[in-house]
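The values are calculated or read from the model by the stated rules, or taken from the named source; none is laboratory data. Since the structure is predicted, the reported quantities are computational estimates derived from the model, not experimental observations. With ideal geometry, Cβ positions are generated from the backbone for all residues, glycine too; neighbour counts draw on all protein chains shown. Side chains included, ligands, DNA and RNA excluded: accessible areas come from the protein's heavy atoms. Shrake-Rupley method; radii C 1.70, N 1.55, O 1.52, S 1.80 Å.
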Amino acid sequence: MYKKEVRNICCIGAGYVGGPTMAVIAEKCPQIKVTVVDVNEKRIADWNDENLDKLPIYEPGLKGVVATARGRNLFFSTDIDNAIREAEIIFISVNTPTKTYGVGKGMAADLKFVELCARQIAQVAENDKIIVEKSTLPVRTANAIRTILKATGNNVDFQVLSNPEFLAEGTAVADLHNPDRILIGGNQDEAGLAAVECLVNVYNNWVSRDKIITTNVWSSELSKLTANAFLAQRVSSINSISALCEKTGADVEEVANAIGRDSRIGAKFLKSSVGFGGSCFQKDILNLVYLCNHFNLPEVAEYWLQVVKMNDFQKHRFAKNIIDTLFNTVSGKKIAFLGWAFKKDTNDTRETAAMYVADELLQDKAEIHIYDPKVAEKQIYKDLEYLQTHRVGHFVEQGENMSIAEIKQLVKVHKTPYDATKNAHAIAILTEWNEFKSYDWQKIYANMLKPAFLFDGRNITDENLLTKIGFEVYSIGKGKLL
Ligand code: UDX
Ligand code: UDX
């Protein structure tokens, strides 16, 4: 049976989820040794760098948390076997991308990293362990993990729990410090419930008991997919209305405010945008769609797939609007992108709408000049190069693949917004960074070609002010008919 008081935790995967989550557990539980391991040596070196500005992930507040706990009870290491051996609880927080090959290609989650972790744990473990699924996984994955552990292990007992992470990037530390809820699913037998209680006790160091929900494993796994599907659905719903607003002269922000004041609807997650991005929403919905089809529920699958289709449409609509407005071609024209990250306050670019918009403009031979406060130049080129051979989406023109040399000819990355927008025909705002509000827009306007177009995909700029300066402004979901 599992001891109630845990002293040693390990987490496999030092990414956007594993890193911040373990840092906060270590910060809040000084009595527990927390070791985060990863196969990526560079990533671990960055987590261990004395210069906290070199942490591999940018999250507000994260530096302070790491400074408090690192070296005290928080450790980053590549010695996976040793960390597994020592730990009572092992979190699996490796990535689970959409499969790009074979059965379920483009839909199902690729579980090969999770499976590898399970095999490694089984081989190395010398005493009973609690294995926690932190990665978002399809329903019933715990069964697969359990089977591998049982078949390979040296007669030790493994309990598999599901403990999905609900933190949002950009607010990860705040979300971890003060979560809406913690969800823990476990087997509904004596050993399973005891394991659940162990993990409850860890969180209970800083989260009150009434915020910790315990369920069976399948409910927990499915709740994570469902939460992301519902959140994404709200964004696609308001984005679908933004298209209608633009045609009718309505203002999507006024509509969102009016409906959000209904307490049954609620005000959050009603911000119309160029489209949702991030590593989770699309992947998790496709995963849900795959599961529904697998369990022979095609109507349910089609219902959720529409959320992704609407998101593809929104990104395409934004790019097409730029081309249409710039007199039907952007060939040889300079388009400045403000923002590349999938949302503000993060350097994460996974599935960012910006790269899909860029791709469509590049098909039309535009020159793109990018400024983002946190995303590194090499990441932007990496994203565009990857996209050439991994275009997915329902409105994506399968244009010619460009080589990295061709991409570098057309795409330049700048260190200031003023450099990026110099002599531009148009500006496109792709991320809602706060700093965009306080630029010297007069100066930017003065240095652009006229007419100076601005396409605000985030409704972050002051349209009246910019129009007064002389810009031709097109904001998502704002009708131009009146
Ligand atoms: C997380 C979740 O785990 C995923 O399920 C969710 O849908 C998105 O968020 P995230 O932390 O964002 O993933 O992924 P990433 O930043 O890519 O980190 C995963 C880490 O695991 C990487 O550093 C990678 O090197 C590491 N890894 C991967 C291993 O250590 N071992 C492996 O076998 C595979
Ligand atoms: C999401 C979930 O919120 C989180 O609970 C889960 O653990 C992981 O997935 P994340 O992807 O980090 O988190 O960010 P989120 O704030 O949810 O934003 C996702 C995307 O939707 C971003 O591109 C964002 O710009 C967009 N979005 C969000 C909108 O376009 N409008 C909104 O009103 C809200």
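Annotation: Phe295 fulfils all but one of (1) over 21 Å from Ser475 (Cβ atoms); (2) open to solvent by less than 20 Å² (accessible area, probe 1.4 Å); (3) of a type in the set (A, V, I, L, M, F, W, C); the unmet one is (2).
Evaluation of Gly102 against the conditions (1) away from ligand 1 (no atom under 16 Å from the Cβ); (2) buried (at least 17 other Cβ atoms within 10 Å of the Cβ) shows that the sole unmet condition is (2).
Screening Ala227 on (1) within 13 Å of ligand 2 (Cβ to nearest atom); (2) free of Cβ contacts under 8 Å to residues at least 12 places away in the same chain shows it passes everything except condition (2).
Can you tell me which residue within segment 41-93, out of those that are among the acidic types (Asp, Glu) and outside any helix (DSSP H, G or I), is least open to solvent (accessible area, probe 1.4 Å)?
Going through the qualifying residues, I end up with Glu59.
Scoring Thr96 on the criteria (1) among the β-branched types (Val, Ile, Thr); (2) under 20 Å from Trp218 (Cα atoms); (3) touching a residue at least 24 places away in the same chain (Cβ under 8 Å); (4) open to solvent by 40 Å² or more (accessible area, probe 1.4 Å) leaves a single failure, condition (4). Listed by first and then second residue, the pairs linking a residue in segment 135-158 that is touching a residue at least 40 places away in the same chain (Cβ under 8 Å) to a residue that is of a type in the set (Ser, Thr, Tyr) and open to solvent by 20 Å² or more (accessible area, probe 1.4 Å), with Cβ atoms under 8 Å apart and 6 or more places separating them unless they lie on different chains, are Pro138/Tyr290.
For segment 91-137, residues that are closer than 22 Å to Val24 by Cα and of a type in the set (Phe, Trp, Tyr) total 1.
When you scan segment 175-185, do you find a residue that is small (Gly, Ala, Ser), outside any helix (DSSP H, G or I) and crowded, with 18+ Cβ neighbours inside 10 Å, even just one? Yes: segment 175-185 contains one or more residues that are small (Gly, Ala, Ser), outside any helix (DSSP H, G or I) and crowded, with 18+ Cβ neighbours inside 10 Å. Any residue that is of a type in the set (Gly, Ala, Ser) and not in a strand (DSSP E or B) - is there at least one of those in segment 428-437? Looking through segment 428-437, none of the residues is of a type in the set (Gly, Ala, Ser) and not in a strand (DSSP E or B). For segment 198-255, the candidate set comprises residues that are over 21 Å from Ile9 (Cα atoms) and aromatic (Phe, Trp, Tyr); within that set, the residue that is most open to solvent (accessible area, probe 1.4 Å) is Phe230. Lys343 satisfies every condition listed in (1) among the charged types (D, E, K, R); (2) modelled with pLDDT of 95 or more; (3) surrounded by fewer than 21 Cβ atoms within 10 Å (Cβ to Cβ) except (3).
Can you spot a residue in segment 260-282 that is open to solvent by less than 60 Å² (accessible area, probe 1.4 Å), within 16 Å of ligand 1 (Cβ to nearest atom), aliphatic (A, V, I, L, M) and touching a Phe, Trp or Tyr at 6+ places or on another chain (Cβ under 6 Å)?
No, every residue in segment 260-282 fails to be open to solvent by less than 60 Å² (accessible area, probe 1.4 Å), within 16 Å of ligand 1 (Cβ to nearest atom), aliphatic (A, V, I, L, M) and touching a Phe, Trp or Tyr at 6+ places or on another chain (Cβ under 6 Å).
Scanning segment 187-197 for residues that are surrounded by fewer than 16 Cβ atoms within 10 Å (Cβ to Cβ) and either of a type in the set (S, T, N, Q) or farther than 19 Å from Phe158 by Cβ (or both) turns up just one, Gln188.
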